Amino acid sequence: MKLSRSSLRIGTRGSALAVWQTERIRSLLASAGCETQRVEIKTTGDLAPEAPLRQLGSRALFTKQIDDALLEGRIDLAVHSLKDLPTELPDGMVIGAVGQREDPSDALVGRVQGGWNTIPQGAVIGTSSLRRRAQLLYARPDLRVVDLRGNVDTRVSKLDSNLEWTAIVLATAGLVRLGLSHRITERISPEIMLPAPGQGALAVTVRSGDQDVMDVVRRAVHDRSSGLTVAAERAFLSRLEGGCQVPVAAQATLQPWESGTILRLHGRVLSPDGNTMMEGRQSGPVEREADAALIGVTLAEELLAGGADAILASSGMTAAPIVTEP
């Protein structure tokens with residue numbers, strides 16, 4: 001399809017990881033015959049790099065200024081880590097495509113050679129994520145979890161300079177994409193730590209009425225399997241949020257089944273202090289993203305009926321955002 005403009009302006013954060021992700025999307029669009037230019041935009045999360053995320057009190061810490069630029073026509077599309085996107089996007093914009101997903105797991109980066117099972121009693125672990133904090137404390141209440149902000153390379157440097165820290169937890173995808181796989185001590189099992197909904201996937205947002213951009217982005221970037229898994233995870237998150245900001249984790253996987261595909265979803269809700277956790281699993285055949293989303297809603301309803309609503313209610317006053325850095 002021929003676009004009505006000569007070059008597409010792509011909005012992104014300026015971190016090394018955000019730039020890598022944007023260049024990946026630019027390469028896919030270039031392969032489809034689209035010229036693009038990168039436009040770097042500072043977000044709320046970038047402007048307060050040392051403040052704990054839970055004190056900033058926004059679900060769009062890494063997206064709002066980019067969203068504004070898109071809606072105001074200063075850019076034509078934007079690239080995000082999908083896990084950073086609120087489940088309800090601002091009016092006038094939609095997710096045009098989901099790029100092929102990297103490993104969604106969380107990674108332990110540290111000084112322990114044997115991984116999770118060799119972390120000593122009372123060890124100090126750094127993370128910026130409420131979800132990671134809650135799961136760490138649920139699995140190991142003895143741990144001391146400290147706030148850790150900054151881009152991926154900054155957080156790795158902070159580990160290196162804080163000798164009393166045993167490890168930090170980061171998204172595997174960010175480390176892999178930045179060529180830092182060698183720093184991974186262990187990719188943490190989902191039995192210990194489920195990822196954030198959408199973790200490891202890239203999202204391209206476009207204006208709702210910009211059909212020519214929507215069409216070319218969908219054709220050049222969208223990965224069907226990634227779209228199905230994140231649809232289930234985000235529907236699970238959306239149904240559970242209800243205005244409360246509590247640690248929610250989910251991971252969907254796909255398996256061949258007869259002539260189609262089965263999606264299996266594992267989800268958790270935790271109290272912020274890690275004292276309480278509910279989890280469940282749901283599966284079913286999927287052809288469309290709407291099928292996957294229904295599985296996510298069904299699992300959320302099951303957890304709510306089983307008592308997750310009490311966790312939501314008891315945590316409803318927290319100002320901690322559900323988003324996290326990679």
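Solvent exposure of the stretch 231-289 amounts to 44 Å² per residue of accessible area, where only protein heavy atoms count and the probe is 1.4 Å. Sorted largest first by accessible area at a 1.4 angstrom probe radius, with every protein chain in place, the residues Lys158, Lys83, Lys64, Lys42 fall in the order Lys42, Lys64, Lys158, Lys83.
Please enumerate, by chain and number, the aspartates and glutamates with C-alpha under 16 Å from the C-alpha of Lys158, excluding those fewer than 8 residues away in the same chain. List returned: Glu50, Asp147, Glu325.
Placing +1 at every Lys and Arg Cβ and -1 at every Asp and Glu Cβ, with all other atoms neutral, what dipole size does the chain have around its Cα centre, in debye to the nearest 20?
Rounded to the nearest 20 debye, it is 560 debye.
Coupling constants for the stretch 204-216 follow from the phi torsions by the Karplus curve (6.51 cos²θ - 1.76 cosθ + 1.60, θ = phi - 60°), and in residue order they are 10, 9, 9, 6, 4, x, 8, 5, 5, 5, 4, 5, 6 Hz; glycine and proline get x.
Computed over the Cα atoms of the chain, pair by distinct pair, the Kirkwood hydrodynamic radius stands at 20.1 angstrom. Taking one quarter of the surface of the C-alpha convex hull of the stretch 95-240 gives a mean projected area of 9.9 nm².
Here the Karplus relation 6.51 cos²θ - 1.76 cosθ + 1.60, evaluated at θ = phi - 60°, turns the backbone of the stretch 11-18 into coupling constants of x, 7, 5, x, 5, 4, 5, 4 Hz, with x for every Gly and Pro. Taking the C-alpha atoms only, the angle from helix 130-139 to the longest principal axis of the chain is near 30 degrees. Phi angles across the stretch 86-97 convert, under the Karplus curve 6.51 cos²θ - 1.76 cosθ + 1.60 with θ = phi - 60°, into 3J(HN,Hα) values of x, 5, 10, 7, x, 4, x, 9, 9, 7, x, 7 Hz, Gly and Pro given as x.
Probing with 1.4 Å while keeping every protein chain in the model, the per residue accessible area of the stretch 117-185 equals 38 Å². Here the accessible area of the stretch 116-270 is 48 percent carbon and sulfur, with a 1.4 angstrom probe and all protein chains present.
The values are calculated or read from the model by the stated rules, or taken from the named source; none is laboratory data. Quick caveat: nothing in here was measured; it's all calculated off a predicted structure. Note: ideal-geometry Cβ built from the backbone for every residue, glycine included; neighbour counts use all protein chains shown. Protein only, heavy atoms only, side chains kept; ligands, DNA and RNA dropped before computing areas. Shrake-Rupley method; radii C 1.70, N 1.55, O 1.52, S 1.80 Å.
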